[in-house]
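These notes concern the structure reproduced below.
The values are calculated or read from the model by the stated rules, or taken from the named source; none is laboratory data. Keep in mind the model is a prediction, meaning the values are calculated, not measured. Counting neighbours? That spans all protein chains shown, and the Cβs are built from the backbone with ideal geometry, glycine included. Calculation scope for accessible area: heavy atoms of the full protein, side chains included, ligands and nucleic acids excluded. Shrake-Rupley method; radii C 1.70, N 1.55, O 1.52, S 1.80 Å.
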Amino acid sequence: MKFGVVIFPGSNCDHDTIYLLRNTLGQEVVELWHKDHDLQNCDFIILPGGFSYGDYLRSGAIARFSPIMREVISFAENGGYLLGICNGFQILCEAGLLPGALLHNPSRKFICTNSCLKVQATDTIVTAQVDPDRPLRIPVAHGEGSYYASAEVLRELNDNNQVLFRYCDADGNFTEESNPNGSVENIAGICNRGRNIFGMMPHPERAADPLLGNVDGLSIFQSILQAQDTVEG
Amino acid sequence: MEDQLTTLETAQKLGLLPEEFEKIKEILGRTPNFNELSIYSVMWSEHCSYKNSIIWLKTLPKDGPRMLAKAGEENAGMVDIGDGLACVFKIESHNHPSALEPYQGAATGVGGINRDIFTMGARPIAQLNSLRFGDPTLPRNQWLMRGVVKGIGDYGNAFGIPTVAGEVFFDDCFTVNPLVNAMSVGLVEHGKTASATSYGVGNPVYIVGSATGKDGIHGAAFASKDITEESAKDLPAVQVGDPFQEKLLLEATLEVIASGAVVGMQDMGAAGIICSNSEMSAKGEHGMDIHLDRVPVRQENMLPWEILLSESQERMLIVVEKGKEAVVEEIFEKWDLNCAIIGEVTEGDRLRYFMHGELVADVPADSLVLGGGAPVYQRSFKEPAYFKENKQFAIDQVEEPKDLKAVMLHLAGHPNIASKRWVYNQYDSTIGTVNMTTNAPADAGVTLVKGTERALAMTVDCNSRYVWADPQEGCAMAVAEAARNIVCAGGEPVAVTNCLNFGNPYNPEVYWQFVEAIKGMAKACEKFQTPVTGGNVSFYNQSSDEGPVFPTPTIGMLGVLDNRDTFTSLAFRQPGDLIYLIGESKNDIASSQYLYSWHKIRQSPAPFFDLDKEFDVQQVVKNLILENLIDSAHDVSDGGLYITLLESAMPRNLGFDISTDMSVRKDAFLFGESQSRIVVSVKSELQEQFLEFMANFDVEYSLLGTVNDGDLIIDGESFGEIEEVKDLYHNALHRILESETEAQA
């Protein structure tokens, strides 16, 4: 599988994501510059974390208009796999590829901490190999990560099993205390109805190196690679 | 130029001394015009020239086998870490801007220190900071603290470099004048660095990055006759930071260095264009012609001296090899950054500035800079009376408390000791995927060096109370603690950067503190073989109400783990493990947090400290780690042994069962802060090997007890459970700072 990581000028998790895919997982990765229009035949595109164009206005508000996004949007609308992590998730919501919005954390503070989450839907390419019973410990790091959607949208998300992850405590209970940013219904990540566009606030690429004492994020990437093996096998 | 000749009165308003004004006239052979006088006033300020400190700074050890760029040679120190890599690191203060405007003051401090790193070609990989505020329960201090922490976070998080360690300390003496010190650490391959120099007649001089505005122009503005009250209003005193521009500047700068087109480069921080021009030209022994009207500006009608002195952020000055202009311009175009040729390198040593073709200033570069013509002063100093008074203290004057548990809770919940989670959770510490302490807390920040087996350890340390009590020993202790933290985390101390925060140097008692601190730093750095690679001096930290702040020579230390497997956490691992104390318990509570805030005794000497013993203790622990005989190491510092044990127990919700030493008072044993002690834990099956190994060293050590599953037991008596104290320790600061918000909610 050929991965493409989009690089906006203010992306700052691009190197981490590329390092994981290329060095740890041995995958082919290309860098997709925000001013370009060529997706270089990638099979899976990732919008990494960061502050795309400074994000002084509202996270992701400008990025959706960038040159590369025209191609990314049409790629995804045609069923291509697209994952947005943190700022990437914010951009996907701004671009209307995923429903809802990411609001300022209620504390009005940036928060960086390990969060726990549980997989809610295992029938996607990013969650198929993740144990839904075991809470994953994955870092969050954002100022605008409070997921919000209207009651109607939430009903749709739940009815269609589009909630990928919810914040939980270490024992897997969905509590208020374990919700680091006040996200509605503890939602940490969602997908579209077509199950090819994914967004999540936590950073699985930061929990994928045994030297850092936590590999809980690896299973998300391994799910993607496993799906590829299944297709190719 | 002649129509704007200056007078002594103007010079003094700009902060220059009469003899300095005379010296300028002598250098130029004429009376300077206002532009030139402004240039000298900023370049000869303490900030740029170190005129009141350099004599003493030169006594610090600066040589070592790993040194690649020594103190004073470049924008930051550079040391060899092996595998063809060099580490560039530096600490800097932003105290006064932060006192006025905490958010932007702190943010631009982070921006400035990172530019010092990447202007040398190194990519920043980790940041640290050292903060001091007044009583955190007071609203104004909370305002300062919220602003500073948010400023550091917003800038550093967007810039995208993890903050991996730091310290926060509270004392009333910092109420008006908080201290904000920021450190950055970067990596570069040997041979891919850039130097702050300028040569090659005809080479173009570029300014790149943000446009220049009237921000951060200091005293000059208020002394100029050309400035009306009305126009002074649009001169912000504090610079405004833009981390997005900084991120673009970082990437573009590293690309342009890699292109091979760069002759020399320096960021623009204090004193703006003039500082970069003069330091680079003096170093490269050439002159420069600069056309100020070609500098991209963000407001109209800027005067020559305003452009010269502006401290607008996120800018770099680059001297490019003639003929390679297109390469450079293409890179900055890619990153959508300003990139303008503003002049060229000339023969000789003159810096000549033009505005629309007219010469507006003409000065010799060398006359402006440290090591050149900048003045150097020897200030007088005098031992203050309090120093001897402190030594009158004896432990017998203090009654031992009956209720030890009350003291324990007081300390565990004291803002100086309790978790700084409220602060550090606002900093991105996991970006970069190098931080080894995210899931295994340690005494120092430890980061992987990707592509190698190595890791870096780093820490910032200074107990301002100790330094006030005894500047020489207190500063030696700051170095010792930094080294101890590196050693406990599994590293080898390598080099030091310092941030010297003191009061007014013209006050002989303040200057005595400075001189003594330098002496202490010098002897400790010699002992640990950690040369001082540079840093920053910040004088005038005081207010009329409270006098000078505690003298605070913050030590930023870098260490190397040749193999990352030696990384050692401070956390106890499992019940049943044995707890040993390496080092000696002393009947000493001097300058401890316990004495200061429980007994409210403010005057006592610094805690007991013996530099040679300290070194020996560190060597033992270093070897225990190399021999794989211990599972955790955590030094005894603020709050004493009890707090150390608590901090080792909390990460895994463990407890401890220990015995005190009959020969030492119980409060001294548990809460005293005598130096050179490290708590380690040993698996019971390794006890014999551990004891055999310890027999090789002439260092005191003792068995304290064992790790258990969550009870806090001392001499058979229970002092509660870990969960209870952990809640207090983790949330004390949060409760102080968020109580109002929660009450409203």
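Please report, as a whole percent, how much of the solvent-accessible surface of region A:148-197 comes from carbon and sulfur atoms (probe radius 1.4 Å). Roughly 42 percent of what the probe reaches on region A:148-197 is carbon or sulfur.
Take every Cα pair under 8 Å whose residues are at least 6 apart in sequence, average their separation, divide by the length of region B:460-533, and the relative contact order is 41 percent. The ratio of the alpha-carbon radius of gyration of region B:477-585 to the globular-protein estimate 2.2 N^0.38 Å is 1.36. Between the residues B:H410, B:Y427, B:T438, the greatest Cα displacement towards the positive end of the dipole of region B:402-456, with unit charges on the Cβ of Lys, Arg, Asp and Glu, is found for B:H410.
The fraction of all Cα pairs in region A:114-233 landing in successive 10 Å bins from 0 to the largest distance is 14, 46, 33, 7, 0, given as whole percents. Of all DSSP beta bridges confined to the protein assembly as shown, the antiparallel ones make up roughly 75%. Peptide A:111-119 has a mean shielding of 3, counted as Cβ atoms of other protein chains within 10 Å of each residue's Cβ. Only helical runs count toward this figure. For chain B, summing -39,500 (n - 2.57) over DSSP H runs of n ≥ 4 and dividing by all residues gives -10500 deg cm²/dmol at 222 nm. In this structure the amide hydrogen of B:T163, modeled in the peptide plane, comes within under 5 Å of the amide hydrogens of B:Q127, B:D428, B:S429, none closer than 5 places in sequence on its chain.
Give the Debye-formula value of log10 I(q)/I(0) at each listed q (0.11 Å⁻¹), with one equal scatterer per alpha carbon of the protein assembly as shown, two decimals each. Each listed q corresponds, in turn, to -1.42. Annotation: Cα Rg of region B:299-358 relative to the compact-globule expectation 2.2 N^0.38 Å equals 1.32.
Helical content of chain A, expressed as a calculated mean residue ellipticity at 222 nm, amounts to -6000 deg cm²/dmol (DSSP H runs of 4 or more residues, -39,500 (n - 2.57) each, divided by residue number, nearest 500). Each Lys or Arg adds one and each Asp or Glu takes one away; over the other residues whose Cβ falls under 9 Å from the Cβ of B:L448, this sums to +2. Based on alpha carbons, the Rg and Dmax found for region B:28-179 are 18.3, 57 Å.
With K and R counted +1 and D and E -1, the other residues having a Cβ less than 12 Å from that of A:Q90 yield a net charge of -1.
Write down, largest first, the equivalent ellipsoid semi-axes of region B:660-745 in whole Å, where each equals the square root of 5 times an eigenvalue of the alpha-carbon gyration tensor.
Its equivalent ellipsoid spans semi-axes of 36, 16, 14 Å.
Normalised by 2.2 N^0.38 Å, where N is the number of residues, the alpha-carbon radius of gyration of region B:66-141 equals 1.37. The calculated Kirkwood hydrodynamic radius for region B:519-565 is 13.7 Å, given to one decimal from all distinct C-alpha pairs. If I model region B:599-639 as equal point scatterers sitting on the Cα atoms and use the Debye formula, what is log10 I(q)/I(0) at q = 0.14 Å⁻¹? Each listed q corresponds, in turn, to -0.49. Take each residue of peptide B:432-441, count the partner chain Cβ atoms within 10 Å of its Cβ, and average: the result is 6.
Orientation-averaged projection of region B:530-620 equals 10.5 nm² [convex hull of Cα atoms, one quarter of hull surface area]. Summarise the accessible area of region B:311-362 (1.4 Å probe, protein heavy atoms) by the percent that is carbon and sulfur. Within region B:311-362, the accessible surface is 45 percent carbon and sulfur.
Working note: Cα atoms of region B:611-685, range along each principal axis, descending, whole Å: 35, 34, 22. Multiplying each eigenvalue of the alpha-carbon gyration tensor of region B:485-525 by 5 and taking the square root yields semi-axes of 28, 10, 7 Å, largest first, rounded to whole angstroms. Simple point charges give the picture: +1 on the Cβ of Lys and Arg, -1 on the Cβ of Asp and Glu, and for chain B a dipole about the Cα centre of about 520 debye. Over the Cα atoms of chain B, the radius of gyration divided by the Kirkwood radius equals 0.99; this is the Rg/Rh ratio. Take every DSSP beta bridge whose two residues both sit in region A:1-143; close to 40 percent of them are antiparallel. Across all Cα atoms of region A:1-121, the radius of gyration (one decimal) and Dmax (whole number) stand at 14.3, 42 Å.
In region B:407-426, what residues drop by 50 Å² or more of accessible area when the other protein chains are put back, versus the chain on its own? Use 1.4 Å, and skip ligands and nucleic acids. Relative to the lone chain, where solvent access is computed with a 1.4 Å probe, region B:407-426 loses at least 50 Å² at B:N425, B:Q426.
Evaluating 6.51 cos²θ - 1.76 cosθ + 1.60 at θ = phi - 60° for every residue in region B:651-657, the Karplus couplings come out as x, 10, 6, 9, x, 8, 10 Hz, glycine and proline recorded as x. At R0 = 30 Å, how high is the FRET efficiency between A:A151 and A:F65 if r is their beta carbon distance? Nearest 0.05 is fine. It comes to 0.50.
Distance from the Cα centroid of region B:155-193 to that of region B:472-496 is 18 Å (rounded to whole angstrom).
The distance from the alpha carbon centre of region B:283-309 to that of region A:128-158 is 52 Å, rounded to a whole number. Rolling a 1.4 Å probe over the protein heavy atoms of region B:678-745, with every protein chain left in place, gives an accessible area that is 45 percent carbon and sulfur.
Mean 1/r over all different Cα pairs, inverted: what Kirkwood radius does region B:260-371 give, in Å?
For region B:260-371, inverting the mean 1/r across all distinct Cα pairs yields 14.5 Å.
Taking the Cα atoms of region B:430-532, the ratio Rg/Rh between the radius of gyration and the Kirkwood radius comes to 1.07. The spacing between region B:648-663 and region B:102-152, judged by their C-alpha centroids, is 35 Å. Of the three principal axes defined by the Cα atoms of chain A, the extents in descending order read 43, 42, 36 Å. Membrane-span-like helices of chain B, defined as complete DSSP H segments with a Cα extent of 20 Å or more along the helix axis and a mean Kyte hydropathy of at least -0.5, are identified as B:102-118, B:139-159, B:243-258, B:471-488, B:508-528, B:611-626.
Computed packing ranks the peptides B:361-374, B:472-485 as B:472-485, B:361-374, most packed first, by mean other Cβ atoms within 10 Å. Take A:100-106, A:8-14, A:41-47 and order them by the average number of nearby Cβ atoms within 10 Å per residue, most first; the result is A:8-14, A:41-47, A:100-106. For region B:359-428, dividing the convex hull volume of the Cα atoms by the residue count gives 262 Å³ per residue. Taking Cβ atoms as reference points and 9 Å as the exclusive limit, the residues near B:I555 contribute a net charge of -2, counting Lys and Arg as +1 and Asp and Glu as -1.
Between B and A, roughly 2600 Å² of accessible area is buried in total, ligands, DNA and RNA not counted and the probe set to 1.4 Å.
Using only the alpha carbon atoms of region B:320-457, find the Kirkwood hydrodynamic radius as the inverse mean reciprocal pair distance, in angstroms to one decimal. Walk me through the intermediate numbers first.
Values: mean 1/r = 0.0413 Å⁻¹.
Every distinct Cα pair counted, the radius reaches 24.2 Å.
Per residue, chain B exposes an accessible area of 34 Å² to a 1.4 Å probe, with every protein chain left in place.
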